[in-house]
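The values are calculated or read from the model by the stated rules, or taken from the named source; none is laboratory data. None of the values given here were measured: they were computed from a predicted structure. Virtual Cβ from ideal backbone geometry, glycine too; neighbours counted across all protein chains shown. Remember, those area values only see protein heavy atoms, side chains included, never the ligands or the DNA or RNA. Shrake-Rupley method; radii C 1.70, N 1.55, O 1.52, S 1.80 Å.
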Amino acid sequence: MIKAITGTKDILPNEIPNWNNLEDIVCNAMKAFNYKEIRTPIFEETRLFSRGIGEATDIVGKEMYTFLDRSETSITLKPEMTASVVRALLEHSLDKQNQLNKLFYISPMFRQERPQAGRFRQFNQFGAEALGSISPALDAEMILLAYQILKRLGLSNFVVKINSLGVPSSRENYKNLLKEYLSDKLNDLSEESQKRYETNILRLFDSKDRDDQKIMEHAPLLIEHLDDESLEHFEEVKQMLLSAGVPFEVDPKLVRGLDYYTHTTFELVSGSVGSQSALCGGGRYDLLVKQLGERDVPGVGFAAGIERILLAMENEKVMPEFIPQIDYYIVRLEKELSKKVFEIANNLRKEKSVEFDYTQRSVKAQMREANRLGAKKVLMIGGSEYERGMVVLKNMSDGSQEEIAIKEFE
Ligand code: HAM
């Protein structure tokens, strides 16, 4: 039997109400904050992501679904949306039409990671990007938006972690300090961290290796070596979060896995989903647009993993219960009336949701099916009533019945 590819999953009809509910809440929150939806293609030229996300990142180095198409162009299934949104902004000159572009998306993403609970190879994100302003109010707005969406979904067991990565100049100075600190400890680092020491030294803070973690515990912290401008920006973000009533923790070791960040970075981390606990991550990226297209447009954004959020909702027992319902079920008392039932169902379907039996079931079985589908009303067609030009309409909430002329339904 052919099965779905490892790390992908089907979303079955009984799960769809949970997805629709989440998508509605996301769209309503985005509307409240005046973000406009954008949809971009599932695949892009590979160099968009390698340049945008960074050659030394895990995503670009190990996880992208990249292939040559029939005309030998290197194509990649999008592993994230920020680079695609920036490409679309530049390609359509949205930055020239509006000084500030506030955009949101809901879309599948693809990363060839080792699948486990909360980690898939095709997964779905919703997210937002605001392009065109360096105001710390937008950093705070992004965090508030993500926070409010999780709250509106009913989640409470999560924390907001924030950090600042400053600007490249202060970060470069700091990286040298970190290199110095680690220079006599290199041999004690894991193989992976030794590699990262050369390519992406900040990621050493993310190492899962116990010995690495011990070494990094005493490492100098970037936040203690930020320039004044970065510190001021970060201070304003914190003040605005306080005034918005968003509880947060400053986590100086929050470095994130993508290279494009400057200033604020943040994650919303769940205590209900096991090791893949980041529900949402984001930050400011003032240099990415320039890097991809020669125009200077600062940006800030976040993305959230829908599968992980739904898992958190299930584990926190806040998933709303959806009871299936249809307006009408039509019960056919005699087999010969199938055509009539078909005609009436299709008339009613212009305004109402309607189902009937396609399999010649007994009247009893049809009634059982009407109950199973949550029919509000059952229309019974046949018998002496039908001969008199009438049908019986049963109201399923109180069991009451009335006769109505069949003409009303024709
Ligand atoms: P990210 O941290 O790579 O950031 O992903 C954001 C969220 O997507 C994660 O917190 C997680 O919930 C979900 N996610 C990531 N990988 C997987 C996976 N393999 N399976 C299931 N869920 C996953 C970004 O993607 C940035 N583009 C965020 C951003 C937007 N920064 C600025 N603007």
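The table below lists the values:
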{"read-out": "Residue in the stretch 261-284 that is under 17 Å from residue 143 (Cα atoms), free of Cβ contacts under 8 Å to residues at least 60 places away in the same chain and within 8 Å of the ligand (Cβ to nearest atom) present", "value": "yes"}
{"read-out": "Strands (runs of 3 or more DSSP E) fully within the stretch 270-388 counting 2 or more residues that are of a type in the set (Ser, Thr, Tyr)", "value": "326-332"}
{"read-out": "Sole exception among (1) away from the ligand (no atom under 16 Å from the Cβ); (2) surrounded by fewer than 19 Cβ atoms within 10 Å (Cβ to Cβ); (3) of a type in the set (A, V, I, L, M) for residue 287, by number", "value": "(1)"}
{"read-out": "Criterion violated by residue 28 - all others in (1) surrounded by fewer than 17 Cβ atoms within 10 Å (Cβ to Cβ); (2) of a type outside the set (A, V, I, L, M); (3) in a loop (DSSP other than H, G, I, E, B) satisfied", "value": "(3)"}
{"read-out": "Only listed residue being more than 16 Å from residue 142 (Cβ to Cβ), within 12 Å of the ligand (Cβ to nearest atom) and of a type in the set (S, T, N, Q), chosen from 71, 84", "value": "84"}
{"read-out": "Residue 253, sole failed condition from (1) of a type in the set (Lys, Arg); (2) out of contact with any strand residue (DSSP E or B) (no Cβ under 6 Å at 6 or more places or on another chain); (3) open to solvent by less than 30 Å² (accessible area, probe 1.4 Å)", "value": "(3)"}
{"read-out": "Per-region count, the stretch 299-318, residues open to solvent by less than 30 Å² (accessible area, probe 1.4 Å) and away from the ligand (no atom under 12 Å from the Cβ)", "value": "1"}
{"read-out": "Residues located in the stretch 197-220, provided they are of a type outside the set (A, V, I, L, M), in contact (Cβ under 8 Å) with a residue 40 or more places away in the chain and crowded, with 18+ Cβ neighbours inside 10 Å", "value": "200, 203, 205, 206"}
{"read-out": "Residues (charged (D, E, K, R) and either in contact (Cβ under 8 Å) with a residue 12 or more places away in the chain or outside the structural domain of residue 40 (by TED's automatic domain parsing) (or both)) located in the stretch 121-171", "value": "121, 129, 139, 141, 152, 161, 171"}
{"read-out": "Filtered residues of the stretch 36-68 (kept if within 13 Å of the ligand (Cβ to nearest atom) and assigned to a loop (DSSP other than H, G, I, E, B))", "value": "38, 40, 54, 57, 64, 65"}
{"read-out": "Subset of the stretch 108-135 [away from the ligand (no atom under 11 Å from the Cβ) and out of contact with any Pro (no Cβ under 8 Å at 6 or more places or on another chain)]", "value": "135"}
{"read-out": "Of the criteria (1) open to solvent by 70 Å² or more (accessible area, probe 1.4 Å); (2) within 19 Å of residue 84 (Cβ to Cβ), which one residue 12 fails", "value": "(2)"}
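Matching residues to (1) outside the structural domain of residue 131 (by TED's automatic domain parsing); (2) exposed (fewer than 13 other Cβ atoms within 10 Å of the Cβ); (3) of a type in the set (Asp, Glu); (4) more than 25 Å from the chain's Cα centre (by Cα):
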{"residue": "293", "(1), (2), (3), (4)": "no, no, no, yes"}
{"residue": "321", "(1), (2), (3), (4)": "yes, yes, yes, no"}
{"residue": "337", "(1), (2), (3), (4)": "yes, no, no, yes"}
{"residue": "344", "(1), (2), (3), (4)": "yes, no, no, yes"}
{"residue": "350", "(1), (2), (3), (4)": "yes, yes, no, yes"}
